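What follows is one structure encoded as structure tokens, with my remarks underneath.
Nothing in this text is a laboratory measurement; each read-out follows from the coordinates by a stated rule. These figures come from a predicted structure and were not determined experimentally. Note: ideal-geometry Cβ built from the backbone for every residue, glycine included; neighbour counts use all protein chains shown.
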Amino acid sequence: MKFDLNKIVRENIAKLKAYSSARDEFEEATANMVFLDANENPFQNGVNRYPDPKQQNVKELLSELKGIPTDQILLGNGSDEVLDLIFRAFCEPKEDNVIFLPPTYGMYGVLAALNNIETKEVLLSEDFDIRVEETLKSATDASKIIFLCSPNNPSGNAFSEEKIKAIVEGFQGLVVIDEAYIDFSGSESWLEKLTQYPNLIITQTLSKAFGMAGIRLGVCYASEEIIEVLNRIKPPYNVNELTQQRAKERLLKFDEVQDEIARILKERASLEKSLESIDYVSKIYPSDANFVLVKVDDANKRYDQLIENGIVIRNRTTQALCENTLRLTVGTKMENEKLIEALKEIK
């Protein structure tokens, strides 16, 4: 099936001329230049100037780490802004629809409602896998995007390459693969297949494995054509100077990130082993993420008991296919030991 981006972009977005900021119009900056173009406060304090609207230095570091050209990278104020831009660029309010596969990341539904886009939900299978035939059959001519969260939140598992491939090749619209937890998975990122599929968008984040949830930096990888459309509608200075500085510092210390990932994976395995001794834990779901989903006898009761013991986890019992489940983030060795001790003590 031949993918035509021109049929996906909203008509008003295709005609839109992007706002041109002062820093867009003049890029050849040197230390000795006098900048009187952007109505900034002239007194230097490290953040008195507007940030680079293209975040070029951060993109160059990501390009080196991921092997993706900078013109195929978009940065956002967290992945949520990236996802919102995708909705706004490609989905016509009150006309188009998107498809997602519960249980999954809740912001897909929130952003669809915010943008007045109809949603079609196709439940995952009982073992949290993609039902390919049902998913593709749910699509209509107005279906613009399918969202796949892999590794999935809250189930923790990564979808098989074969089933993701069937969705990407069988759908006429865009397929967004949310890889927020990919660094904790044994499965390979779909970044390596980006050039094969013009309808593929991959989102990642610095919030999880890179340990930078506080700076709010989401990353989008796609074709140059898709990125150009998203750049057209993004706010000119959507990623602030402090975020860019901290991101650069962290990306230059990738060995430290790798070490932390290894420690989290070791703690995840230890946590899973310890959970086997809790008699009211009936199932521990396989995880490719930095959390573990477990099925218990009474999720509401166990959640309240853990709160009373000073431990905050996530009760997922209201989510599809997740009755009486708790989502446990992998913490430090000490935090995980406190969690297991509390689980053993509560009645």
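Under 20 Å Cα-Cα from LYS144, which lysines qualify once same-chain neighbours fewer than 8 residues away are excluded? Answer for LYS144, where 20 Å is the Cα cut-off: LYS2, LYS7, LYS15, LYS94, LYS120, LYS163, LYS165, LYS234, listed by chain and number.
When peptides 155-168, 10-23, 121-134 are ranked by their average number of other Cβ atoms within 10 Å per residue, the highest-first order is 155-168, 121-134, 10-23. When restricted to Cα atoms, the chain yields an Rg and a Dmax of 21.8, 69 Å, respectively. Kindly identify region 283-347 as rounded, prolate or oblate by the Cα gyration tensor criterion: order the square roots of the eigenvalues as a ≥ b ≥ c, call it rounded if a/c is under 1.5, otherwise compare a/b with b/c, prolate if a/b is larger, else oblate. Oblate shape, in that a/c is at least 1.5 and b/c is the bigger or equal ratio. Simple rule: put +1 on each Lys or Arg Cβ and -1 on each Asp or Glu Cβ in the chain, find the dipole, and look at MET107, TYR181, GLY218; the Cα lying farthest toward the positive end is MET107. Here the Karplus relation 6.51 cos²θ - 1.76 cosθ + 1.60, evaluated at θ = phi - 60°, turns the backbone of region 331-347 into coupling constants of x, 6, 4, 5, 5, 5, 5, 5, 4, 5, 4, 5, 4, 6, 7, 5, 8 Hz, with x for every Gly and Pro.
Mean residue ellipticity at 222 nm from the helices of the chain, using -39,500 (n - 2.57) per DSSP H segment of n ≥ 4 over the full residue count, to the nearest 500 deg cm²/dmol? Could you put the intermediate results ahead of the total?
Details: 12 runs with 123 residues, N = 347.
Taken over the chain, the calculation gives -10500 deg cm²/dmol.
Couplings 3J(HN,Hα) of region 318-327, computed from phi: 7, 7, 4, 6, 10, 4, 6, 10, 10, 9 Hz, in residue order, whole Hz [Karplus 6.51 cos²θ - 1.76 cosθ + 1.60, θ = phi - 60°; x for Gly and Pro]. Taken as Cα centroids, region 1-24 and region 307-347 sit 45 Å apart, rounded to the nearest whole angstrom. Entry note: region 1-152 has Rg to Rh equal to 1.07, where both radii use alpha-carbon atoms and Rh is the Kirkwood radius.
Relative to the present Cα-Cα distance, how much length would full extension add between ILE13 and ASN39 at 0.36 nm per residue of separation? Please report the intermediate quantities before stating the final value.
Numbers: separation 26, 0.36 × 26 = 9.36 nm, distance 2.87 nm.
Extra length from ILE13 to ASN39 when fully extended: 6.5 nm.
Using the Kirkwood radius over Cα pairs, work out the Stokes-Einstein diffusion coefficient for region 109-268 at 4 °C and 1.567 mPa s, in µm²/s as a whole number.
On the way: Rh = 17.4 Å.
Answer from the Stokes-Einstein relation: 74 µm²/s.
Net charge within 13 Å of ASP96 by Cβ-Cβ distance, Lys/Arg positive one each and Asp/Glu negative one each, not counting ASP96 itself? Taking every Cβ under 13 Å from that of ASP96, the sum is +1.
Kirkwood radius, region 174-317, all distinct C-alpha pairs, inverse of mean reciprocal distance: 18.1 Å.
Please work out how much length the chain gains when fully extended from ASN309 to GLU169, using 0.36 nm per residue of separation minus the C-alpha to C-alpha distance, in nm with one decimal. Before the final figure, lay out the partial values.
Details: separation 140, 0.36 × 140 = 50.40 nm, distance 4.88 nm.
Gain in length upon complete extension: 45.5 nm.
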